[in-house]
Amino acid sequence: MVTESKETGRRAAPRDFIELTEDVSSSPLWNRDLAPTSTAERTWSTWNIAALWIGMSVVITTYTLAGGFIEAGMNWQQAMLTILLGNTIVLAPMILNAHAGTRYGISFPVLCRASFGTRGANIPALLRAVVACGWFGIQTWIGGSALDALFGALSSNWTRLDTIIGGVTLHAWLAFFLFWAIQVLIILRGVEGIKRLESWAAPLLLAGGAALLWWAASRAGGLGRILDESSALQAKQGNFWSVFPGALTASVGYWATLSLNIPDFTRYARSQRSQMLGQALGLPLTMTAFAFIGVAVTSATMLIYGAPIPDPVELVKRFDSTLVILFSTLVIFAAQISTNMAANVVSPSNDFSNLDPKRISYVAGGIITAVTGILMMPWKLMATMGAYIFTWLIGYSGLMGAIAGIMICDYWVLRRGRLDLAELFNVRGAYSYSNGVNQRAVLALIAAVAPVAPGFLRAATTPGGAVAAPGAFDTLYTYAWFVTFATGFIVYFVLMRGHREQTGG
């Protein structure tokens, strides 16, 4: 299957672009959204990929992650190093899984068919989708909170809608559902609309972050004083090494979701160089830079207000200028929209569509995501920074790490990057295994998650998520992504090594 490369104008080697030439549209595993992209559809440049990551990284939860590390007792150097290291680590599986998307034009759930089976692929796809729904709800809740702050600053009548419903004021609910409805309208426009949204939002988000840093430095007596205050705070607390393992895993876990479904985007990339360079430039640098703003501003609030404020929405509420609040809300609005549309809609839309491709389209999957995001009660997930880091981020990183280990072992070690596109849509083909399920992959997934499950259960039932007297399972849980990635990779390799006939492609 040798195709013409639009980017070079010459005939491309099979390792570059492989296009499906066989008509598989009658397969129950096929629909237009899950079909491999043609070479003509692979138009995303290095800038589009980098802008995607800028749009996803410059978001309130990045800020609160960094601010949470400061609140937990790290100084600014330690927080920055932890976040940079975590994002550099997760970039490796990100690029490895992205390769199949660019080469074959396939999405995440379709790629999972190679390792988990044509029906079994729904297991990792649904696990990924549920996490995305939780993230969709979290980002929507934050975006709604920003609108709530804006409306409250514009009119005192807004805050008079203070009837408590489910522990939340009526005006907060109204802002939340307004933000939710705006996103649903964008979902209806499809993936190409997300590409334009990210390219437009990226410069605004960078400018907004710079403006916030300038404000903090001017109000707190300079950037040097802010960073000195951060260092002094940590020196008093002196608990870096007790915080670091969980913080590093949380930093990896933050994008562990995208390290799985990155093919959903790189299937549109012009080349492997575009996806690799775009990700390398867009992810670690932007994530670390915006996290630095979160670290610096949170440290500045200790000087300005006498206590750390790791939530920028709460910080905005303290501003006394309507114009400043309006600009801040616009930046937060763009940040939450751009991240949610890319990180938390594309993947679950494809994942839900994979359940029944003939009946569930990308748009229908997006609507399911939006509704499920509400049902997961994001106001509970973001109740405290401890719960956000130790229960949510570390908890789901264990699932994502196991799936990533299995996928990378299957594609790179067992198949050496070779897949049969047509067979991925064949219910009785090379990837059907036993009734469409590769039981060895399922066993590897269970074996990988089992060691960290006790630690997760204890963290989930501990207020704030941080266990006071951690035992062996609690310590193991703090390294959840690393433990499950390595275990999933090794167990899958051992189970599949004697069955090479099922790793053809």
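The values are calculated or read from the model by the stated rules, or taken from the named source; none is laboratory data. All values derive from a computational prediction rather than experimental measurement. Here the Cβ positions follow ideal geometry from the backbone for every residue, glycine too, while neighbour counts run over all protein chains shown.
Brief remarks on what is shown
- Some residue of segment 122-135 being within 16 Å of the chain's Cα centre (by Cα) and under 30 Å from Leu323 (Cα atoms): yes
- Residues satisfying the stated conditions in segment 17-75, i.e. within 25 Å of Leu281 (Cα to Cα), modelled with pLDDT under 90 and β-branched (Val, Ile, Thr): Thr39, Ile54, Val58, Val59, Ile60, Thr61, Thr62, Thr64
- Search result, residues across segment 455-484 that are modelled with pLDDT of 80 or more, more than 13 Å from Ile394 (Cα to Cα) and surrounded by fewer than 16 Cβ atoms within 10 Å (Cβ to Cβ): Thr461, Gly471, Ala472
- Qualifying positions in segment 302-332 - under 28 Å from the mean Cα position of the chain (by Cα), assigned to a helix (DSSP H, G or I) and surrounded by 19 or more Cβ atoms within 10 Å (Cβ to Cβ): Pro312, Val313, Leu315, Val316, Ile325, Ser328, Thr329, Val331, Ile332
- Applying the set (1) in contact with a Leu (Cβ under 8 Å, 6 or more places away or on another chain); (2) at pLDDT 85 or above; (3) more than 26 Å from Val130 (Cα to Cα); (4) buried (at least 19 other Cβ atoms within 10 Å of the Cβ) to Ala280 leaves exactly one unmet item: (4).
- Candidate set: segment 27-38, residues that are more than 16 Å from Ala98 (Cα to Cα) and of a type in the set (Ser, Thr, Tyr); chosen: the one surrounded by the most Cβ atoms within 10 Å (Cβ to Cβ): Ser27
- Qualifying residue in segment 245-253 (condition: surrounded by fewer than 24 Cβ atoms within 10 Å (Cβ to Cβ), at pLDDT 85 or above and not polar (S, T, N, Q)): yes
- Qualifying residue in segment 114-122 (condition: surrounded by 24 or more Cβ atoms within 10 Å (Cβ to Cβ), touching a residue at least 40 places away in the same chain (Cβ under 8 Å) and closer than 27 Å to Ala334 by Cβ): no
- Candidate set from segment 252-288 (those that are of a type in the set (A, V, I, L, M) and farther than 13 Å from Trp47 by Cα); member that is farthest from the chain's Cα centre (by Cα): Leu285
- Failed item, numbered, when Lys6 is tested on (1) modelled with pLDDT under 90; (2) closer than 17 Å to Phe290 by Cα: (2)
- Given (1) closer than 30 Å to Asp474 by Cβ; (2) in contact (Cβ under 8 Å) with a residue 60 or more places away in the chain, index of the condition Gly282 fails: (1)
- Matching entry among Gly366, Gly429, Gly417 (being surrounded by 20 or more Cβ atoms within 10 Å (Cβ to Cβ) and modelled with pLDDT of 90 or more): Gly366
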